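For reference, the structure is listed below as structure tokens.
The values are calculated or read from the model by the stated rules, or taken from the named source; none is laboratory data. As the structure is a computational prediction, the values presented were derived from the model and not from experiment. Cβ: placed from backbone, ideal geometry, glycine included. Neighbour counts: every protein chain shown. Ligands, DNA and RNA are excluded from the accessible area calculation, which covers all protein heavy atoms including side chains. Shrake-Rupley method; radii C 1.70, N 1.55, O 1.52, S 1.80 Å.
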Amino acid sequence: MKRNPRDIIGRPIITEKTVMMQQNDNRVTFEVAKGANKIEVRQAIEEIFNVKVVSVNMVNVKPRKKRVGKYEGTTKSVRKAIVKLAEGSNIDII
């Protein structure tokens, strides 16, 4: 059964590094669902944004310990997809 593309793609990740990747390499970074694979991410991006995807790289970011005063906790774990778009394709996030 095919999943809804909006369930696979979470939110764009906007940092200094990802903005530079978007400007220089035409790569866009998204937070994606934990169980999503490269093929599902490619199809979801192409369907939602109407662009051509060249490649998809996946990264699992593990939680890190954080501390505020005497309280300890962890950041959330995230699965990121770095999507390279075809020449001429563009996703305007900002």
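Worth pointing out:
- Entry comment: accessible area of the chain is 73 Å² per residue, from protein heavy atoms only and a probe of 1.4 Å.
- Violating pairs (Cα-Cα greater than 22 angstrom) within the set 52/76; 34/70; 2/52: 52/76; 34/70
- DSSP-loop trypsin sites (Lys or Arg not before Pro) across region 30-90, with at most 15 other Cβ within 10 angstrom: 34, 52, 64, 70, 76
- Accessible surface of region 1-65, 1.4 Å probe: 50 percent of it comes from carbon and sulfur atoms.
- Sum of side-chain charges, residue 56 neighbourhood, beta-carbon under 15 Å (Lys, Arg +1; Asp, Glu -1): +2
- Taking the C-alpha atoms only, the angle from helix 16-25 to the longest principal axis of the chain is near 20 degrees.
- Computed on the chain, with alpha-carbon pairs under 8 angstrom and 6+ residues apart, the relative contact order is 31 percent.
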